[in-house]
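Working notes for the structure below.
The values are calculated or read from the model by the stated rules, or taken from the named source; none is laboratory data. Since this is a predicted model, take the numbers as computed values, not measurements. Please note: Cβ atoms are built from the backbone with ideal geometry, for glycine as well, and neighbour counts cover all protein chains shown.
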Amino acid sequence: MTVHQKIISPVESKPRRLPRYTSYPTALEFNDLDPALYETWLRDLPDDQPVSLYFHIPFCEKLCWFCGCFTKISNSYEPVQRYLDVLRKEISLIGSITGRKKISHIHFGGGSPTIISAESFLDLMSLVRENFDILPEAEIAVEIDPRTCSEAKVKAYATSGVNRASIGIQDFNSHVQEAINRVQSDALIADNLRWFRQAGITNINFDLIYGMPRQTVETIGETVAKTSEFWPSRIALFGYAHVPWMKKHQQMMNKHHLPGQAERQAMFDLASTKLQEAGYVAIGLDHFALPGDSLLVARAEGRMKRNFQGYSADPATTMIGFGASAIGSFPGGYAQNSSDLKAYSEALERSEIPVGRGLKVDATDLMMREVISTLMSTFAVDPWVIADKHGINHDFGREKADLDKLVAMGYMTQEGTSYHITETGKPYLRAIATLFDQYFPQDSDIIDRCVHESEG
Ligand SMILES: C[S@@+](CC[C@H](N)C(=O)[O-])C[C@H]1O[C@@H](n2cnc3c(N)ncnc32)[C@H](O)[C@@H]1O
Ligand code: SF4
């Protein structure tokens, strides 16, 4: 999923959203994409390089009021089954175009993939294996809504080769859970963990959110303490993205119960400190992992990167997106399937690629993508070295003037042509990354942008 924080620009009163750079250029730049071009990207994928697959399951049983994901509420299984039938057509169609590619990573996201029955999941993964060659070391991850998961589903995941489960926790406090319309007991989480661990799926991620209604520094402290007791191997600590103009249901929550900016920052700082005291290592913008976790290994080896799932250790440079609204990333650009379920299904009924939007990228985009991904992953970058590597002559004159201002403010340090974000500058990571975004309006002062970045 892609969530954005907004900032209030000092030069205009309209809220300006600050990207999280799960892609560059961001999805805001996507336009109509010619399906024939997408087909050539698929057809031209080299056989000797691994590919990653993303499957979007846009259904949930109940709406969480904070939700920023692309999903639909369904109380019956019928629309889910119809969707799976269409998804199967897409897998066969794309597989027939790409040929049997080697797969290094598979991610099921949503919505809630746990809405799929155990039997349907097994069938779906068999079809994926018929069309693609899943490498033995591949990571296969599923986003889990603990309320719609079951022991039988977990067994089906294990049988299908799933080896990572990302559990939506959000917050353990019962008052917060009521305020966000997502009540789930600690006992349910304990059951889920037992099912996964007994099935041999020991790579467990927890998704937590800070900055939601009724949350306080104290409740966040309790949630983090409980999280540490469950001992997941990885934690994503997302800042709540309040975008009621895009997600109308967020208005169901009392906006007066939303914490202010200073409190949001205090929540993140406390959670980050407590997680690190418990033995977790901080990664990038919002991730934490236990030593030995594959993300930390990838970071140490300089392989960690930013992608639509946040941070990733996946070696593939191509991701194919399946399902309504799914985004794929290719050497030539991005392709997003239609977000309209009807249009998505009808295209596949006609055996046509259901692509809706996307963007063809150029050499400068690819170079800036690496600059931004490096900064978002390591808090440091030498843009000139990356430009040289891409064979591009870019002087970074404007960027350098702003980087020097950041150094003067103590937000960054400079060593030769390499710039590092300091502890003081870390909360401004996204604002600093906008410096290199060729599509982001550079009409505000970088220091003002940093200060205003965190406004909820
Ligand atoms: C697709 S959901 C995960 C699976 C499942 N649907 C669930 O909620 O348990 C992806 C994650 O996005 C995060 N998320 C959703 N809406 C958000 C928002 N408005 N701001 C920040 N994070 C959000 C939540 O942490 C959620 O677990
Ligand atoms: S279960 Fe997940 S995707 Fe569904 S509404 Fe809640 S947060 Fe959104």
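What to note about this one:
- Test set (1) touching a strand residue (DSSP E or B) at 6+ places or on another chain (Cβ under 8 Å); (2) assigned to a loop (DSSP other than H, G, I, E, B); (3) under 26 Å from Ser233 (Cβ atoms) - Phe268 fails condition number: (2)
- Annotation note: Cβ proximity below 7 Å between a residue of region 57-73 that is aromatic (Phe, Trp, Tyr) and a residue that is assigned to a strand (DSSP E or B) and more than 8 Å from ligand 2 (Cβ to nearest atom) (sequence gap 6+ or interchain) occurs for Phe59/Lys72; Phe66/Ile209.
- One residue from Arg398, Arg369 being basic (Lys, Arg), surrounded by 15 or more Cβ atoms within 10 Å (Cβ to Cβ) and in a helix (DSSP H, G or I): Arg369
Matching residues to (1) small (Gly, Ala, Ser); (2) within 26 Å of Ala316 (Cα to Cα); (3) more than 22 Å from the chain's Cα centre (by Cα):
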site: Asp47; (1), (2), (3): no, yes, yes
site: Tyr54; (1), (2), (3): no, yes, no
site: Val80; (1), (2), (3): no, no, yes
site: Ile103; (1), (2), (3): no, yes, no
site: Ser120; (1), (2), (3): yes, no, yes
site: Ile144; (1), (2), (3): no, yes, no
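- Residue ID - surrounded by the most Cβ atoms within 10 Å (Cβ to Cβ), chosen from residues in region 330-366 that are among the hydrophobic types (A, V, I, L, M, F, W, C) and assigned to a strand (DSSP E or B): Ala335
- Considered as a group, the residues in region 134-179 that are over 20 Å from Gly110 (Cα atoms) and assigned to a strand (DSSP E or B) include one that is farthest from ligand 1 (Cβ to nearest atom), and that residue is Pro136.
- Considering region 222-271, the residues that are more than 28 Å from Ala190 (Cα to Cα) and among the small types (Gly, Ala, Ser) include one that is farthest from ligand 2 (Cβ to nearest atom), namely Ala262.
- Filter result (farther than 16 Å from Ile204 by Cα and either near ligand 2 (Cβ under 10 Å from one of its atoms) or at pLDDT below 95 (or both)) within region 98-112: Gly110, Gly111, Ser112
Listed here are the residues, each with its yes/no results for (1) at pLDDT 95 or above; (2) of a type outside the set (A, V, I, L, M); (3) out of contact with any helix residue (DSSP H, G or I) (no Cβ under 9 Å at 6 or more places or on another chain); (4) outside the structural domain of Ile432 (by TED's automatic domain parsing).
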| residue | (1), (2), (3), (4) |
| --- | --- |
| Leu28 | no, no, yes, yes |
| Asp32 | yes, yes, yes, yes |
| Leu42 | yes, no, no, yes |
| Pro46 | yes, yes, yes, yes |
| Pro50 | yes, yes, yes, yes |
| Leu53 | yes, no, no, yes |
| Lys72 | yes, yes, no, yes |
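- Scanning region 185-219 for residues that are outside any strand (DSSP E or B) and among the charged types (D, E, K, R) yields Asp186, Asp191, Arg194, Arg197, Arg214, Glu218.
- When Ser272, Ser228 are checked against the criterion of being in the same structural domain as Gly161 (by TED's automatic domain parsing) and within 19 Å of Ser377 (Cβ to Cβ), Ser272 stands alone in meeting it.
- Qualifying residue in region 194-209 (condition: within 22 Å of the chain's Cα centre (by Cα), among the aliphatic types (A, V, I, L, M) and either surrounded by fewer than 18 Cβ atoms within 10 Å (Cβ to Cβ) or away from ligand 2 (no atom under 14 Å from the Cβ) (or both)): yes
- Residue in region 319-328 that is touching a helix residue (DSSP H, G or I) at 6+ places or on another chain (Cβ under 9 Å), in a helix (DSSP H, G or I) and of a type outside the set (Ser, Thr, Tyr) present: no
- Of everything in region 28-72 that is farther than 20 Å from Ala347 by Cβ and of a type in the set (Gly, Ala, Ser), the residue that is surrounded by the most Cβ atoms within 10 Å (Cβ to Cβ) is Ser52.
- Among the residues examined, Thr434 qualifies as surrounded by 20 or more Cβ atoms within 10 Å (Cβ to Cβ) and among the polar types (S, T, N, Q).
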